[in-house]
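Take a look at the structure set out below.
The values are calculated or read from the model by the stated rules, or taken from the named source; none is laboratory data. These figures come from a predicted structure and were not determined experimentally. Counting neighbours? That spans all protein chains shown, and the Cβs are built from the backbone with ideal geometry, glycine included. When the accessible area is computed, the model is the full protein with side chains, heavy atoms only, and any ligands, DNA or RNA have been set aside. Shrake-Rupley method; radii C 1.70, N 1.55, O 1.52, S 1.80 Å.
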Amino acid sequence: MTVELTFREYQDGLEQGKLLGLYCGECGAVTVPPQAVCSECGSRKLKIGEVEKKGIIKTFTVIRIAAEGMTPPFIIAMVETYSGAWVMGNIIDMDADSADMDLMGKEVIIDSRQVKGDVYSYGDIHSIVFKLV
Ligand SMILES: [Zn+2]
């Protein structure tokens with residue numbers, strides 16, 4: 001089975017300032033991060049394309065007890081991009097203790113930052129971050 005977009009290619013895209021996704025030739029959904037099949041319909045008719053780096057916060061949580069190597073508190077959010085794909089990442093440039101339900105529906109710019117690998121990952125990666133507009 002061929003994979004249209006590898007995790008390495010996705011990571012290289014983030015490093016170059018691009019958010020790459022897979023556009024489905026069957027249902028039109030956009031899958032991010034890369035998977036072997038469409039996240040909506042399971043089709044393998046996928047094409048690589050750039051995803052809009054803006055979206056709306058759909059839900060979030062504040063992490064106060066974190067995994068080894070991470071420093072709480074921090075905010076994890078799910079954002080619906082204007083391309084339709086939902087992506088998960090950290091809301092940055094904001095005090096996590098001031099987070100409240102007013103964040104719901106706020107517009108964000110999607111970016112990435114390099115984070116150190118930990119005992120659970122294979123090395124340094126680019127991780128998605130959100131900045132309030
Ligand atoms: Zn599909």
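Structure above, values below:
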| item | result |
| --- | --- |
| Output for region 75-117, where each listed residue is open to solvent by 60 Å² or more (accessible area, probe 1.4 Å) and part of a loop (DSSP other than H, G, I, E, B) | Tyr82, Asp93, Asp95, Asp100, Met104, Lys106, Lys116 |
| From Thr81, Thr6, Thr59, residue being among the β-branched types (Val, Ile, Thr) and not assigned by TED's automatic domain parsing to the domain that holds Lys131 | Thr6 |
| Positions within region 118-133 being hydrophobic (A, V, I, L, M, F, W, C) and open to solvent by 80 Å² or more (accessible area, probe 1.4 Å), in sequence order | Val119, Val133 |
| Residue satisfying all of: in region 65-74; touching a Phe, Trp or Tyr at 6+ places or on another chain (Cβ under 9 Å) and within 15 Å of Ser127 (Cβ to Cβ); most open to solvent (accessible area, probe 1.4 Å) among these | Gly69 |
| Which listed residue is farther than 21 Å from Tyr120 by Cα and in contact with a Cys (Cβ under 9 Å, 6 or more places away or on another chain), from Leu22, Leu5 | Leu22 |
| Single residue of region 20-66 satisfying the filter (within 14 Å of the ligand (Cβ to nearest atom) and of a type in the set (Ser, Thr, Tyr)) that is nearest to the chain's Cα centre (by Cα) | Thr31 |
